[in-house]
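To keep things clear, I will list the structure first and then write my remarks on it.
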Amino acid sequence: MAGMRRTVFVFDLDGTLVDSVYQHVLAWQEALEREEIQLSVWRIHRRMGMSGGLFVGALLRETGQPVDAGLVARLQQTHAEAYRRRAGQARLLPGSRELLARLTEAEVPWAVATSGLMAAAQPTLELLEVPPGVPVVTRDQVPHAKPDPDLFLVAAERLGADVADAVVVGDSVWDLLAARRARALGVGLLSGGYGREELERAGAYRVYEDPADLLLHLDEVGVRDPGDA
């Protein structure tokens, strides 16, 4: 039908499709310690999902450390190197490939939008085997990352859709805040370590355990089986 609007999906990466949050946490801890900055692991985890620059700035404020552009750049670079050494420990979350295959089968376009730099995201994207032609938006491609909406706005644009027709799937409160600011429908997953109530307060329309659980409930977010009226 001419002018018919279609639903598209935009996925966060770490903690949403790939079980890699804690490898990132430990990589950030290593980067901080290399700069002689001591910070508890739980404090690092609570900021996961934010853009790298905001993430580092928030952590440095907690330690009373001045936020210096050179220090932020070094920390981001060291984190990327430390994560690459741990990338082999990351695993796909249950149902990730099956969920993406199901959307492809149903002709529902999807994209990946991550607040990580491409250098840090590349090993995870390779593990997921993202097909050629699927839009991948990383921090270095947008002016601002989560909790700003830029990543999701660009992903929707590359899918040729209005962001208001996008279902954003993420595991952190920063994903859901960015989805709300973009005017997209937010769906939360518990697989990144945030709680159900936290995700709902941040704007999640529904919360599921992991990609496999979302796959079982795709009808709740408007994806029909082929042949359904």
Members of the stretch 83-119 that are closer than 25 Å to Pro143 by Cα and without any contact (Cβ under 8 Å) to a residue 60 or more places away in the chain:
Arg84, Met118, Ala119
Looking at the stretch 135-142, can you tell me whether even one residue there is within 23 Å of His24 (Cα to Cα), in a helix (DSSP H, G or I) and touching a strand residue (DSSP E or B) at 6+ places or on another chain (Cβ under 7 Å)?
no
Tell me which of these Pro131 doesn't satisfy, since it passes every other one: (1) surrounded by fewer than 18 Cβ atoms within 10 Å (Cβ to Cβ); (2) in a helix (DSSP H, G or I).
(2)
Could you tell me whether the stretch 163-174 includes any residue that is in the same structural domain as Val207 (by TED's automatic domain parsing), out of contact with any strand residue (DSSP E or B) (no Cβ under 7 Å at 6 or more places or on another chain) and aromatic (Phe, Trp, Tyr)?
yes
The condition of being of a type outside the set (Ser, Thr, Tyr), under 12 Å from the mean Cα position of the chain (by Cα) and either surrounded by 23 or more Cβ atoms within 10 Å (Cβ to Cβ) or within 20 Å of Trp174 (Cα to Cα) (or both) holds, among Val25, Val18, only for Val18
So, first residue under 19 Å from Arg97 (Cβ atoms) in the stretch 16-27, second residue part of a helix (DSSP H, G or I) and of a type in the set (A, V, I, L, M), Cβ within less than 7 Å, six or more apart or across chains; the pairs are Leu17/Leu128; Val18/Leu127; Val18/Leu128
Looking only at the stretch 1-36, filter to residues that are of a type in the set (A, V, I, L, M) and assigned to a loop (DSSP other than H, G, I, E, B); which one of those is modelled with the highest pLDDT?
Leu17
With the condition kept exactly as written, say whether any residue in the stretch 163-182 is part of a loop (DSSP other than H, G, I, E, B) and free of Cβ contacts under 8 Å to residues at least 12 places away in the same chain.
no
If you scan the stretch 194-229, which residues turn out to be among the acidic types (Asp, Glu) and either assigned to a helix (DSSP H, G or I) or modelled with pLDDT of 95 or more (or both)?
Glu197, Glu198, Glu200, Glu209, Asp210, Asp213, Asp219, Glu220
Evaluate the following for Gly133: is it on the phi > 0 side of the Ramachandran plot and in the same structural domain as Val169 (by TED's automatic domain parsing)?
yes
Taking only pairs six or more apart or across chains, which ones have beta-carbon atoms under 7 Å, a first residue in the stretch 195-214 that is at positive phi, and a second residue that is not in a helix (DSSP H, G or I)?
Gly203/Gly186
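The values are calculated or read from the model by the stated rules, or taken from the named source; none is laboratory data. These numbers were taken from a predicted model, which means no experiment stands behind them. Note that each Cβ is placed from the backbone with ideal geometry, even for glycine, and that neighbours are counted across all protein chains shown.
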